[in-house]
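*Asks:* This is the structure I want to talk about, given as structure tokens.
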Amino acid sequence: MIRLVRLFTGPDGRSHVEESAMRLDALGPDAATGWLATTSARFQQSPSGSELSWHDAPRRQYVVTLTGTLEFTTRDGETFRLGPGDVLLAEDTTGGGHRWRLLDDQPWTRVYLQLP
């Protein structure tokens, strides 16, 4: 199971959070999702102690955390944490947005997978 956190713009025009899991099916001795369509990928790293103030997601994208532990907050006060192996589906491209801050002494290393 892979933890999936979805940030989305609700009918009220504000950012909201929904947690679930990515479904994995048997693939030989492994388990995997089906193939997911993406348009491009980028790796990025922010130093420990980093934070980013209020912003909307620039586009629909998966954000896969490789290192670091973060806390995200929406303007309505919803909070969640992401750590290594967690996947964020950022879909709040309009509205109030969200902010994040690193909680531990690790850099936030992640990969962005842009969605069509």
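*Asks:* Among ARG60, ARG81, which is under 13 Å from the mean Cα position of the chain (by Cα), at pLDDT 95 or above and exposed (fewer than 14 other Cβ atoms within 10 Å of the Cβ)?
*Replies:* Residue meeting the stated conditions: ARG81.
*Asks:* Moving on. Scan ARG75, ARG110 and give me the residue that is among the basic types (Lys, Arg), farther than 14 Å from GLU51 by Cα and over 13 Å from the mean Cα position of the chain (by Cα).
*Replies:* Only one candidate passes the filter, namely ARG75.
*Asks:* Checking the condition more than 17 Å from ILE2 (Cβ to Cβ), assigned to a strand (DSSP E or B), of a type outside the set (S, T, N, Q) and touching a Leu at 6+ places or on another chain (Cβ under 8 Å), which residue from ARG110, ARG99 passes?
*Replies:* Unique residue meeting the criteria: ARG99.
*Asks:* Say we look at the range 89-102 and pick out the residues that are of a type outside the set (Gly, Ala, Ser) and in contact with a Lys or Arg (Cβ under 7 Å, 6 or more places away or on another chain); which of these is surrounded by the fewest Cβ atoms within 10 Å (Cβ to Cβ)?
*Replies:* THR93
*Asks:* Answer yes or no as to whether ASP86 is of a type in the set (Asp, Glu) and either open to solvent by less than 80 Å² (accessible area, probe 1.4 Å) or modelled with pLDDT under 95 (or both).
*Replies:* yes
The values are calculated or read from the model by the stated rules, or taken from the named source; none is laboratory data. Since this is a predicted model, take the numbers as computed values, not measurements. For neighbour counting, all protein chains shown are included, and Cβ atoms are generated from backbone atoms with ideal geometry for every residue, glycine included. The area values use the complete protein model at the heavy-atom level, side chains included, leaving out ligands, DNA and RNA. Shrake-Rupley method; radii C 1.70, N 1.55, O 1.52, S 1.80 Å.
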